[in-house]
Amino acid sequence: MLAVPFDPSLALLLVAIAFFAGIGITTIGPGGIFVTIALYSLTPLPSSQVAGTAHATFVVTGLVGSAAYLHSGEMNTGESRAIAIVLSLSSIVGALLGAQANTYVPRSLFGVLLGGVSMAVGGVILYRERRGFNPLFEVDPMSRFGRLGLACLGLGLGVCSGLLGIGGPVLAVPTLVLVGVPMLLAVAVAQVQSIFIAVFAASGYYLQGNVLLPLAVVIGTPLLLGVVVGWKVAHVADPDRLKIALGVVLFGVGPYLAL
């Protein structure tokens, strides 16, 4: 049951934010975080319900995003599948740990952590677009060492995503680019990983009674539409300006969330 009444204007605002968040998910990755930010900053919901409800919406968006990138060919190589499998499987443990850890995080600390992640992701995007950067190191997903490195990344990404209720692509795309994965492939792989993170994190929150299904449907529907639109945008438009705008917003909203 939806425990908190929402007036029509707030519902419309959440729907609009969810639509544009969906576009960001399949265009450049960091989009789902805006759903979490909106639920945290615009509603009085406790952090556990914010994270749990957000993850419930990311299950379907991950499935649709993965299907879209499979259709366009990014997931048809052995390398892409190897990255997706290792990241996804290692994320399961992380997502469950993160969901459990959230129960010990007060709402005020949740805001600080969410704001810090928002600023970090925004800063990485802005730095990359303004200065550019070479990968910190190259990961070979076909080697044992490369798979071990990806497994460690997946575990860490799963914990952070599960704890904060942010979609897997928010952190996975910038991280994968930093280890040498091409941008479009990183976005595609992150869609697959997000399914596993969302399913297991949402399951953990649901068992705690912290998934508001009616609210998840209200937000998830426009979010899903945005995912389809974003996939089309990623293949026909230069997303550089969108990346810069996204980075500015994420970096700017961080202090507000933290304080």
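So the values come out like this:
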quantity: Test: residue in segment 130-151 that is within 23 Å of Thr27 (Cβ to Cβ) and not in a loop (DSSP other than H, G, I, E, B); calculated: yes
quantity: From Gly123, Gly146, Gly162, residue being at pLDDT 75 or above, in contact with a Phe, Trp or Tyr (Cβ under 7 Å, 6 or more places away or on another chain) and not charged (D, E, K, R); calculated: Gly123
quantity: Residue count for segment 156-170, restricted to those that are in a helix (DSSP H, G or I) and either within 18 Å of Ala216 (Cα to Cα) or without any contact (Cβ under 8 Å) to a residue 60 or more places away in the chain (or both); calculated: 5
quantity: Segment 35-47 - residue that is in contact (Cβ under 8 Å) with a residue 40 or more places away in the chain and open to solvent by 20 Å² or more (accessible area, probe 1.4 Å) and, of those, nearest to Gly165 (Cα to Cα); calculated: Tyr40
quantity: Selection status of Val64, open to solvent by 10 Å² or more (accessible area, probe 1.4 Å) and at pLDDT below 90; calculated: yes
quantity: Residues satisfying the stated conditions in segment 48-58, i.e. of a type outside the set (A, V, I, L, M) and open to solvent by less than 10 Å² (accessible area, probe 1.4 Å); calculated: Gly52, Thr53, His55, Thr57, Phe58
quantity: Leading residue by the ranking (nearest to the chain's Cα centre (by Cα)) among those in segment 196-227 that are polar (S, T, N, Q) and not in a helix (DSSP H, G or I); calculated: Asn210
quantity: Criterion violated by Gly94 - all others in (1) open to solvent by 30 Å² or more (accessible area, probe 1.4 Å); (2) part of a helix (DSSP H, G or I); (3) closer than 30 Å to Arg144 by Cα; (4) not aromatic (Phe, Trp, Tyr) satisfied; calculated: (1)
quantity: Residues satisfying the stated conditions in segment 3-34, i.e. hydroxyl-bearing (Ser, Thr, Tyr) and open to solvent by less than 10 Å² (accessible area, probe 1.4 Å); calculated: Thr26, Thr27
quantity: Residue satisfying all of: in segment 129-140; within 22 Å of the chain's Cα centre (by Cα) and under 17 Å from Leu185 (Cα atoms); modelled with the lowest pLDDT among these; calculated: Pro135
quantity: Any hit, segment 183-198, residues being of a type outside the set (S, T, N, Q) and farther than 21 Å from Ala82 by Cβ; calculated: yes
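This table checks each residue for (1) under 18 Å from Ala82 (Cβ atoms); (2) touching a residue at least 24 places away in the same chain (Cβ under 8 Å).
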{"residue": "Val181", "(1), (2)": "yes, yes"}
{"residue": "Val211", "(1), (2)": "no, yes"}
{"residue": "Leu215", "(1), (2)": "no, yes"}
{"residue": "Val218", "(1), (2)": "no, yes"}
{"residue": "Lys232", "(1), (2)": "no, no"}
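The values are calculated or read from the model by the stated rules, or taken from the named source; none is laboratory data. Fair warning: this is a prediction, and the values are worked out from it, not measured in the lab. Cβ: placed from backbone, ideal geometry, glycine included. Neighbour counts: every protein chain shown. The accessibility values were calculated without ligands, DNA or RNA, using every heavy atom of the protein model including side chains. Shrake-Rupley method; radii C 1.70, N 1.55, O 1.52, S 1.80 Å.
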